[in-house]
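The values are calculated or read from the model by the stated rules, or taken from the named source; none is laboratory data. Quantities reported herein were computed from a predicted structural model and do not represent experimental measurements. Virtual Cβ from ideal backbone geometry, glycine too; neighbours counted across all protein chains shown.
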Amino acid sequence: MDAELAALISAAGAAGVAPEALATQLPGISRSTLNRRLAALLKAGVIRSQGAGRARRYLSAEPFGRDDIDAYFATPSQQRPLVRFSPELLGAEPGLPLDKAQRCTQVQALAQPIDARFLASFLIDLSWGSSLLEGSTYSALDTAALIQYGQRNAAKPTADAILVLNHKRAAEHLWLHRELSVAQVHAMHALLTDDHGLPEVAESDHFLPEPQRGRPREFEDVRPANSAYLPPFRPGTGFVAEALGQLVEQAKALHPVQAALYLMTRIPYLQAYANGNKRASRLAANAPLLAGGLLPLSFADVDKADYIRGMAAFYELGSLHVIEQTFVRGYVRSIMRSSELPASVRARGLDVDATAQALVDFINTGRRPTHKVAMLFIG
């Protein structure tokens, strides 16, 4: 019976199944017996529960695949069951496996020196890539013109220009203060959400009033857009500030690449601030990388749709499957952008997609690629 029950729950996929639906499918057992068997499967780690009371659903403890996740999100957010904050997800697991993290450091054999010359291009790439994930209309050329020459695209919203410039300022702060601390995360968040007192950007949701910049939320109840996730709201307790401090300490104990993915997912999961959480998390993710002497992640080549889907899957399902691979692919592309290719490769032309896929496969499997150009990145 336990195997049959586990199979029914597994067949429900990432959406899970309510106990009432299970009782309908198993008419031969009483509700009290069903509850005992569910409790036994939970204790054995075969299944897990989500929600409480009438909203409780049971899901398989097996990792979800991309098809399961896509099927789950085919249902609009207002029709998905509400998912409340789970403190356990602020822990190190689920996380990027250590062997994958270590292989991310192995593909940096052609890395440029992380110096002032590197900074000039990194400021443009990060400001453009991270702003794009926020819905900015600025192109890479718009971003370069603004950062290098102070030339704003007059046909595009002022708020988008400020968003780019705020990223530049926050990245410059990161460059000078690479140690990971709560104070540094606060400082970068304050820079990212500054409206500079401009009335024309007052209606934009990219910015915050001065009292909320760089300060953990206390009395602000927030809801991520298009999501069934309910972040923690415990006004007057200092819970969010305390949890952010613990989160930062946890990141310090991880491998730098593991810490990058951890910060990128956990700061938004906590919704540490009234707004700007994902932006702050992307900047904070680069602190352990730079402190460890590794190339940072510019987000210039991160797939926007996969990023949004991956973050939502972590919020609602506790699954890192999509966001882990989005991170790995984005980091490989950032490394390739910041690498010095041999003249012979430049002369022949680089097949970026094939080389990137070979490096992603190496990180995921540990099997050394047969792709000759990819092998140059591994050294």
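Looking across region 65-110, just one residue is assigned to a loop (DSSP other than H, G, I, E, B) and of a type in the set (D, E), and that is E93. Looking at A280, A287, can you tell me which residue is within 30 Å of T75 (Cβ to Cβ), buried (at least 21 other Cβ atoms within 10 Å of the Cβ), at pLDDT 95 or above and among the hydrophobic types (A, V, I, L, M, F, W, C)? Exactly one residue qualifies, and that residue is A280.
For region 176-211, taking the residues that are at pLDDT 95 or above and small (G, A, S), the one that is surrounded by the fewest Cβ atoms within 10 Å (Cβ to Cβ) is identified as A183. Could you list all residues from region 279-329 that are of a type in the set (D, E) and without any contact (Cβ under 8 Å) to a residue 40 or more places away in the chain? Correct list: D303, D306.
Going residue by residue through region 352-359, is there one that turns out to be in contact with a His (Cβ under 6 Å, 6 or more places away or on another chain) and small (G, A, S)? Yes, that holds for at least one residue.
Of the helices (runs of 4 or more DSSP H) lying entirely inside region 136-237, those carrying at least 2 residues that are farther than 15 Å from L126 by Cα and under 22 Å from the mean Cα position of the chain (by Cα) are 182-192. The number of residues in region 59-83 being touching a residue at least 40 places away in the same chain (Cβ under 8 Å) and touching a strand residue (DSSP E or B) at 6+ places or on another chain (Cβ under 8 Å) comes to 5. Against the definition (within 14 Å of the chain's Cα centre (by Cα) and within 25 Å of L59 (Cα to Cα)), how does Y269 come out, yes or no? When the stated conditions are applied, Y269 passes them. Would you check if P268 is of a type outside the set (D, E, K, R), crowded, with 19+ Cβ neighbours inside 10 Å, touching a helix residue (DSSP H, G or I) at 6+ places or on another chain (Cβ under 9 Å) and not in a helix (DSSP H, G or I)? Considered against the rule, which asks whether it is of a type outside the set (D, E, K, R), crowded, with 19+ Cβ neighbours inside 10 Å, touching a helix residue (DSSP H, G or I) at 6+ places or on another chain (Cβ under 9 Å) and not in a helix (DSSP H, G or I), P268 comes out as no.
Screening L317, L350, L263, L283 for residues that are outside the structural domain of G214 (by TED's automatic domain parsing), hydrophobic (A, V, I, L, M, F, W, C) and out of contact with any Asp or Glu (no Cβ under 8 Å at 6 or more places or on another chain) leaves exactly one candidate, L350. Condition first: surrounded by fewer than 17 Cβ atoms within 10 Å (Cβ to Cβ) and touching a helix residue (DSSP H, G or I) at 6+ places or on another chain (Cβ under 8 Å). Can you find one or more residues in region 310-320 that meet it? No, region 310-320 contains no residue that is surrounded by fewer than 17 Cβ atoms within 10 Å (Cβ to Cβ) and touching a helix residue (DSSP H, G or I) at 6+ places or on another chain (Cβ under 8 Å). Can you spot a residue in region 99-112 that is of a type in the set (K, R) and in contact with an Asp or Glu (Cβ under 7 Å, 6 or more places away or on another chain)? No: zero hits.
Just to verify a result, which residue in region 339-361, among those that are closer than 18 Å to I323 by Cα and not charged (D, E, K, R), is surrounded by the fewest Cβ atoms within 10 Å (Cβ to Cβ)? Before the answer, list the steps.
Restricting attention to region 339-361, the residues satisfying the condition of being closer than 18 Å to I323 by Cα are 356-357, 359-361.
Subsequent filtering for residues that are not charged (D, E, K, R) retains 356-357, 359-360.
Values: A356: 20, Q357: 16, L359: 28, V360: 19.
Among residues in region 339-361 that are closer than 18 Å to I323 by Cα and not charged (D, E, K, R), the one surrounded by the fewest Cβ atoms within 10 Å (Cβ to Cβ) is Q357.
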